[in-house]
Amino acid sequence: MREASFTPSRVLIYFVVSLIAAAYLVPLLVVVLNSLRTAEEIAQTSMIGWPKQWAWGNYAIAWGEFCIAQTCAGIRPYMLNSALVSIPATIISTLLGSVAGYAVSLWRFPGDRWIYGVVTLGIFLPQQMRLLPWTIVLRDLNLTNTLTGLVLIHTIQGLSFTTLFCRNYYIAIPQELIRAARIDGAGFYRIFWRIVLPLSPPILIVTVIWQFTHIWNEFLYGVTFTSGQQQPVTAALIALSASVADIPQHGVQSAAVMIAALPTLLVYLFGGRYFVRGLTAGAVK
Amino acid sequence: MPAAARNGQRRLALDQLRRLPEFLIIWVPLLLSAGHLIAFALWTIWVSFTPSTLVPVSGWVGLRNYTAMMATRNWQIAFDNLLLFGCGFVLLSVLTGLGLAILLDQRIRGENVLRSIFLYPLAVSFVVTGTVWSWLLNPGIGIQKLVNGLGWTSFRFDWLIDREMAIWTIVIAAVWQSSGFAMALFLAGLRSVDADLIKAAQIDGAGPVRMYRRVILPALWPITVTVVVIQLQFAITTFDLVRALTGGGPGIATQLPALVVYDFMFQRGLLARGAAAAVLMLLILLAVLLPYAAWRYLQRRQSAHA
């Protein structure tokens, strides 16, 4: 059944697998090619085709000149917004989740089990159940339509995942190690710095990639709690589609889509192994 | 003696004061996370029983928001769509994922590259996926236009603007985006099937087809349940993909519960109705998750006894 020679059945397997892989790549290929075609060319043929003349200018227009809603500054400000939300929220939620995961798995304290149980419920509670309360909280904190507000939301909501990831990883560290360190007089922080953190890089990479990808790609909170120039790039893409509905600019739009998708695609390209580990770790809760 | 006791007490107090930062760093994030979950969920449930419209107000209207919500065309269409979308998407994505996993498990060359190709859509946002598929499926510029241009002028692929079929465009995009996830879990499952079982079946002279039907697939069913539950959870909360792909249209033909919630809360300013729709969404989710949690609990207890 698992011979490595090229029998007809194996040729068939390769054929089928390559065909499906090609189908998965088509959307990416279409966007890349379209981002290099002129609007007129696309209008004459279809979205699917090889560029006759390479319109590299699409990227410059999409990045810095294109009009989204009433502002004509391209996608750049929104990319910046997304970065200013994703990066701090990823770092803070990962650090806090790491300490919390360490506390509930190794340090142990009264009530650790029930509070961890409640925190992980956050993985299941739909965003729609939190939209209204967040509206009120942001209003009372004077953070409506600010990036700080989005950072706050993503940090607190991210804790459910980061704590879960770290806790499940730390639980494999032998308790004896911690007990011995405590007998030697090491406290909460010392044990964290000296024992737990040095063992953590694999899970921290998984957590950072997971958080960054999710926050960068998030749309609902972005579109609900920010408007205009404060929106993250996912919301800006929707606004862009709406503002060109009359005169489509598919070449420039494709370039904008590529730019918006690039950060998480790069993360996936370089950290794919950790990305997949996060996916499966999140699945087997 | 009293002096020593007082001294001891002071040392204890001092010790606790010194441990305060550690106490805070443990409890503050955990309490914020747990507290916001409970408080936010309860608050939304409370709003769903009030007569709130533009702003939350107190008062009690019983189940009126729920009955009114369920009587709207929006909700009925959204619920029917959820059934269609949920079943179609989960079935197709599980079958595709399983098929891909079995193909990749044949010790083929370039497995890593192929796996990366099937998984890359997961790294992209639903907004990007929806936007790109809205172009491909748009009869005026997408696949239909291409095929028409190639000479087959009577070719029609206009589900995107067809009220009956539009929901299936969301199925297509969703399967493209997340069947790789099913594949990854199935592949992990295939790799962990007991090698002795396979060897024993081989000695018994089982061919590949029999092997899969009798030995390998039965061993995969716990993973299948997990995959189905996770995909259902995704289906129930789908929002971004629809916003980017069809915007809920044509008309309201591709409404889903999450879009109804948003529509009532933030576009019509009917907070209580929107909250009721959100709670209904949660109930649908619980109808999937609670049996799953019970099943997982029983399984764990069984394996603990075994």
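The values are calculated or read from the model by the stated rules, or taken from the named source; none is laboratory data. Source: prediction; values computed, not measured. Here Cβ is always computed from backbone atoms with ideal geometry, including for glycine, and neighbour counts include all displayed protein chains.
Assorted remarks:
- Helices (runs of 4 or more DSSP H) contained entirely in region B:1-91, each with at least 3 residues that are within 11 Å of chain A (Cβ to nearest Cβ): B:20-47
- Close contacts from region B:253-277, counting a first residue that is farther than 18 Å from B:Pro56 by Cβ and a second that is assigned to a helix (DSSP H, G or I) and of a type in the set (Phe, Trp, Tyr), with Cβ to Cβ under 6 Å and a gap of 6+ residues or different chains, come to B:Val260/B:Trp75.
- Test: residue in region B:159-176 that is in contact with a Pro (Cβ under 8 Å, 6 or more places away or on another chain) and within 17 Å of B:Pro121 (Cβ to Cβ): yes
- Residue list for region B:104-132, restricted to those being among the small types (Gly, Ala, Ser), facing another protein chain (nearest Cβ under 7 Å) and not in a helix (DSSP H, G or I): B:Ser125
- Count of region B:250-274 residues which are within 19 Å of A:Pro133 (Cβ to Cβ), over 20 Å from the mean Cα position of the chain (by Cα) and among the hydrophobic types (A, V, I, L, M, F, W, C): 6
- Residues of region A:117-151 classified as farther than 16 Å from B:Trp43 by Cβ, in a loop (DSSP other than H, G, I, E, B) and within 7 Å of another protein chain (Cβ to nearest Cβ), total: 1
- In region A:61-82, of all residues being within 19 Å of B:Ser125 (Cα to Cα) and free of Cβ contacts under 8 Å to residues at least 24 places away in the same chain, the one that is surrounded by the fewest Cβ atoms within 10 Å (Cβ to Cβ) corresponds to A:Leu80.
- The residue pairs whose first member lies in region B:69-83 and is buried (at least 20 other Cβ atoms within 10 Å of the Cβ), whose second member is of a type in the set (Lys, Arg), and whose beta carbons are closer than 7 Å, counting only pairs six or more residues apart or on different chains, are B:Met69/B:Arg273.
- Considering only residues in region B:93-136 that are free of Cβ contacts under 8 Å to residues at least 40 places away in the same chain and crowded, with 23+ Cβ neighbours inside 10 Å, the one that is nearest to A:Gly222 (Cα to Cα) turns out to be B:Ala123.
- Region B:153-187, residues that are more than 13 Å from chain A (Cβ to nearest Cβ), outside any helix (DSSP H, G or I) and within 23 Å of A:Ile48 (Cα to Cα): B:Thr153, B:Ser154, B:Arg156, B:Asp158, B:Asp162, B:Met165
- Conditions (1) in contact with a helix residue (DSSP H, G or I) (Cβ under 8 Å, 6 or more places away or on another chain); (2) closer than 23 Å to B:Ser116 by Cα; (3) of a type in the set (Phe, Trp, Tyr); number of the one not met by A:Phe270: (1)
- From the list B:Gly142, B:Gly149, the one residue that fits, being surrounded by 19 or more Cβ atoms within 10 Å (Cβ to Cβ), modelled with pLDDT under 90 and at the interface with chain A (Cβ under 9 Å from one of its Cβ atoms), is B:Gly142.
- Residues located in region A:267-285, provided they are at the interface with chain B (Cβ under 9 Å from one of its Cβ atoms) and part of a helix (DSSP H, G or I): A:Val267, A:Tyr268, A:Leu269, A:Gly272, A:Phe275, A:Val276, A:Leu279, A:Thr280, A:Gly282, A:Ala283
- In region B:205-227, the residues that are without any contact (Cβ under 8 Å) to a residue 24 or more places away in the chain, within 11 Å of chain A (Cβ to nearest Cβ) and more than 24 Å from A:Arg10 (Cα to Cα): none
- Some residue of region A:240-258 being within 11 Å of chain B (Cβ to nearest Cβ), over 13 Å from the mean Cα position of the chain (by Cα), among the hydrophobic types (A, V, I, L, M, F, W, C) and not in a helix (DSSP H, G or I): yes
- Any hit, region A:65-79, residues being away from every other protein chain (no Cβ under 14 Å), assigned to a helix (DSSP H, G or I) and at negative phi: yes
- Condition met for A:Ser86 (in contact (Cβ under 8 Å) with a residue 40 or more places away in the chain, in a helix (DSSP H, G or I) and either within 13 Å of another protein chain (Cβ to nearest Cβ) or in contact with a strand residue (DSSP E or B) (Cβ under 8 Å, 6 or more places away or on another chain) (or both)): yes
- When A:Gly97 is tested against (1) surrounded by 14 or more Cβ atoms within 10 Å (Cβ to Cβ); (2) away from chain B (no Cβ under 13 Å); (3) assigned to a helix (DSSP H, G or I); (4) under 24 Å from the mean Cα position of the chain (by Cα), only condition (2) is not met.
- Any hit, region A:172-184, residues being more than 9 Å from chain B (Cβ to nearest Cβ), assigned to a loop (DSSP other than H, G, I, E, B) and within 21 Å of the chain's Cα centre (by Cα): no
- Selected residue (criterion: surrounded by the most Cβ atoms within 10 Å (Cβ to Cβ)) from residues of region A:221-239 that are within 15 Å of the chain's Cα centre (by Cα) and in a helix (DSSP H, G or I): A:Val233
- Check on A:Ile42, surrounded by 15 or more Cβ atoms within 10 Å (Cβ to Cβ), hydrophobic (A, V, I, L, M, F, W, C) and assigned to a helix (DSSP H, G or I): yes
- Qualifying positions in region A:70-117 - more than 23 Å from A:Tyr169 (Cβ to Cβ) and hydroxyl-bearing (Ser, Thr, Tyr): A:Thr71, A:Tyr78, A:Ser82
- Identity of the residue in region A:132-168, β-branched (Val, Ile, Thr) and more than 16 Å from the chain's Cα centre (by Cα), that ends up farthest from B:Asp263 (Cα to Cα): A:Thr163
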